[in-house]
Structure formats: structure tokens, C-alpha cells
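Contents: one structure, followed by commentary.
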Amino acid sequence: MGLIAPLSLDDALDALGAHPDAVVLAGGTDLMVDVNEARHRLVGDETVVAVARVAELRSWTHDPQAATVHLGAGVTYAELERDPLARLLPALAQAARTVGSPQIRNAATIGGNLATCSPAGDGLPVLAALGATVELRGTGGTRHLPVAAFMTGVKQTARQPGELITAVTVPVLDGWQGYAKVGVRNAMVIAIAGACLAVDVPSRSVRLALGSVAPTVVRATSAEAFAEGAVEWSTNAVSDADATTFGGLAAEAARPIDDHRASAAYRRHAVAVLSRRLLRRAFPHRLA
Ligand SMILES: Cc1cc2nc3c(=O)[nH]c(=O)nc-3n(C[C@H](O)[C@H](O)[C@H](O)COP(=O)(O)OP(=O)(O)OC[C@H]3O[C@@H](n4cnc5c(N)ncnc54)[C@H](O)[C@@H]3O)c2cc1C
């Protein structure tokens with residue numbers, strides 16, 4: 001196996017241009033598990049492009065005018081979980097804090113979470129709810145895809161051979177946002193169900209994205225539309241009955257399966273509970 005460890009983005013893109021089928025290695029927290037468990041064999045004429053030392057991928061910028069954060073693909077969960085990024089993207093920070101252990105979060109990157117595209121990837125419901133855009137670069141140029149179009153199925157993405165995920169641009173919303181997850185324990189756990197709720201007060205929009213309950217992340221659009229009409233925007237209030245209806249509509253958007261972690265019925269129930277609780281946190285005052 002050949003190893004290329006570029007120090008600049010141009011060199012990384014050149015390496016991928018010369019070896020379009022090369023395996024990209026970022027934090028290695030997904031890839032090396034696959035190697036250790038023999039699901040991925042790094043042998044023969046395979047080339048690995050290790051991007052962890054590419055400074056452009058590890059940096060991020062905030063554009064207050066555009067109200068966006070541009071996250072390099074190599075930004076780690078450890079960085080996402082603390083200020084100043086946590087202040088700008090609080091739901092992503094909450095999701096980051098649920099990922100693995102501190103050791104995993106020091107290595108694991110947002111680009112790796114996107115590229116793996118597991119239905120249980122904790123960053124993905126947040127990126128979907130916030131309406132993030134994925135930046136891909138290759139010899140053919142640069143493409144920008146809404147995260148919903150980037151995720152095409154279970155561990156399937158729109159990334160083409162030779163392309164590198166270089167960044168993800170995340171809108172900074174003006175309103176409450178949060179992430180919640182159900183697993184078999186409180187730490188080091190793969191989500192049985194996850195949900196991100198994000199409110200944007202100026203546009204009076206409520207966004208809800210669900211993880212681990214469909215082949216890829218889904219937006220619960222009927223629940224979103226219901227909530228936008230049901231909440232009282234001036235007082236930050238919602239009735240218990242409407243919060244429960246919201247949870248039920250969210251559960252209808254899920255397309256879960258039975259597997260070794262949970263039954264489909266439990267996952268649907270978990271989605272209803274998580275979504276109801278998130279709406280209550282976003283609109284804490286009670287309407288009769
Ligand atoms: C013990 C443990 C606990 C975990 N817990 C969680 C958890 O709670 N929640 C969760 O969501 N995940 C969890 N994970 C999975 C993993 O940490 C995340 O998916 C992480 O974001 C992967 O990032 P990485 O940088 O390590 O990716 P890598 O392992 O380096 O790469 C993963 C995949 O992405 C590709 N890739 C990486 N970067 C790019 C890029 N810039 N462009 C194109 N392709 C790229 C690689 O080729 C590979 O196919 C856990 C893993 C372990 C080992």
C-alpha cells in the first residue's frame with residue numbers, strides 16, 4: 001500500500017487527482033475499525049491519502065454577514081464541542097459531546113462523519129436540520145451540495161472518486177436548537193434514535209431532522225409545518241397536546257428497521273418522545 005501525507009490542500013487534491021480511487025484517511029476512527037475488522041483491506045496497490053496534517057481542512061471561519069460557519073472537513077468533535085464553535089452551533093456541540101469518548105472526539109472529524117454517512121452518525125441530523133451545504137473538490141472543480149442531497153443512502157454519498165470533502169457550510173440560526181439521542185447507555189454509544197430540532201425565529205421556522213431511524217437522515221416536514229402553526233411565537237409557548245401531536249408526526253416520518261440494537265417500534269416511540277421533549281425545550285412556556 002502507498003501512503004501520501006500531504007501538508008496542503010493543493011497537494012491533497014493533486015494526490016487524489018493522480019489516484020482517484022485512493023482511500024482518504026482523516027481521524028481513522030471509522031476507517032481503522034474497518035481495517036481491524038477486515039471489512040477494508042489496505043493491501044497491494046491501494047493508496048492512502050492521509051489528510052490529518054492539511055491545515056486548510058482543520059480550520060474554520062465565521063462570516064457574521066452571511067450568518068454562516070465554514071467548517072473545514074478536518075475539524076474534530078473536540079473542537080466542535082467547545083467555545084467558540086459551541087456558541088455559534090450549539091446543537092452541533094451537543095451532538096459532538098455524545099460522540100464516543102474524549103480520545104475519539106480528539107481524532108474524529110466532521111468530514112469523516114459525512115463521508116461514512118452512517119444512519120447513526122451523530123453530526124448528520126444537526127447538519128440536516130440547520131440546512132448545511134457540503135463542499136467537494138476534485139480535478140473537475142468544486143461542487144456544493146445540500147447535505148440532504150449529499151447523503152444518498154446507508155453509507156452512500158454523492159461523493160465521486162477523486163473528490164475530497166473539503167468543508168461544510170453551516171447556517172447560524174437565530175433561535176433555540178438542540179440534539180438528543182437514545183442509546184443503550186449514556187456514553188460510548190451508537191444512537192438507537194437521534195433528533196435535532198432547530199428554530200429560526202426571524203423566519204418562524206422549526207426544523208426537525210431524525211437519525212438512526214431510516215436509511216439516512218430524514219427531515220420530519222409534516223411535524224415541522226404543524227409546529228410552526230401550533231407554537232405561540234410571541235411567548236415561546238406550546239401546549240402539551242400540540243407537543244405530543246408533534247412527536248406523533250415526527251414518528252410517522254421515521255422509517256426504522258428492527259436490528260440488534262432496537263426494534264422498529266421502539267425506535268418510532270423514541271422519536272416521538274425525543275421530538276416532543278425537544279419542542280418543549282425550545283418553547284418552554286405552556287399554553288393551555
Ligand atoms: C469507539 C468509537 C466510538 C464512536 N462513537 C461514535 C458516536 O457516538 N457517534 C458517531 O457519529 N460516530 C461515532 N464513531 C464513528 C466515528 O468516530 C465518526 O464517524 C467520525 O466522525 C469519523 O471521522 P474520522 O475523521 O475518524 O474518519 P476516518 O475514519 O478517517 O474516515 C471515515 C471515512 O470517511 C472518509 N473520509 C474521511 N475524511 C474525508 C474527506 N475529507 N473527504 C472524503 N472522504 C473522507 C474515509 O475515506 C473513510 O471512508 C465512533 C467510532 C469509534 C471507534
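The values are calculated or read from the model by the stated rules, or taken from the named source; none is laboratory data. What you are looking at is a predicted structure, and each value in this text was computed from that prediction instead of being measured. Don't worry about glycine lacking a Cβ; one is built from the backbone with ideal geometry, like all the others, and counts go over all protein chains shown. These accessible areas exclude ligands, DNA and RNA; they are computed on the full protein's heavy atoms, side chains included. Shrake-Rupley method; radii C 1.70, N 1.55, O 1.52, S 1.80 Å.
Before moving on, here are some points about what is shown:
- Model label sites at Arg82 and Arg286, defined 7 Å from Cα along the beta-carbon direction, differ in position by 3.9 nm.
- Taking one quarter of the surface of the C-alpha convex hull of the chain gives a mean projected area of 14.9 nm².
- Percent antiparallel among DSSP beta bridges (both partners in the chain, rounded to 5): 80
- When only the Cβ of Lys, Arg, Asp and Glu is charged (+1, +1, -1, -1), the dipole of the chain relative to its Cα centre reaches about 900 debye.
- Surface composition of the stretch 207-288: carbon plus sulfur atoms hold 52% of the accessible area, using a 1.4 angstrom probe and ignoring ligands, DNA and RNA.
- For the stretch 1-150, the solvent-accessible area of protein heavy atoms averages 45 Å² per residue (probe radius 1.4 Å; ligands and nucleic acids excluded).
- The longest stretch of the chain left intact once loop-based trypsin sites (Lys or Arg not before Pro) with at most 14 other Cβ atoms within 10 Å are removed from consideration, loops following DSSP, is 83-184.
- Helix 9-18 vs. the chain, principal-axis angle (Cα, 0 to 90°, nearest 10): 70
- Apportionment of accessible area to carbon and sulfur, the stretch 117-179, percent (1.4 Å): 49
- Between Ala253, Ala132, Ala230, the Gaussian network model of the chain with springs among Cα atoms under 10 angstrom shows the greatest mean-square fluctuation at Ala230.
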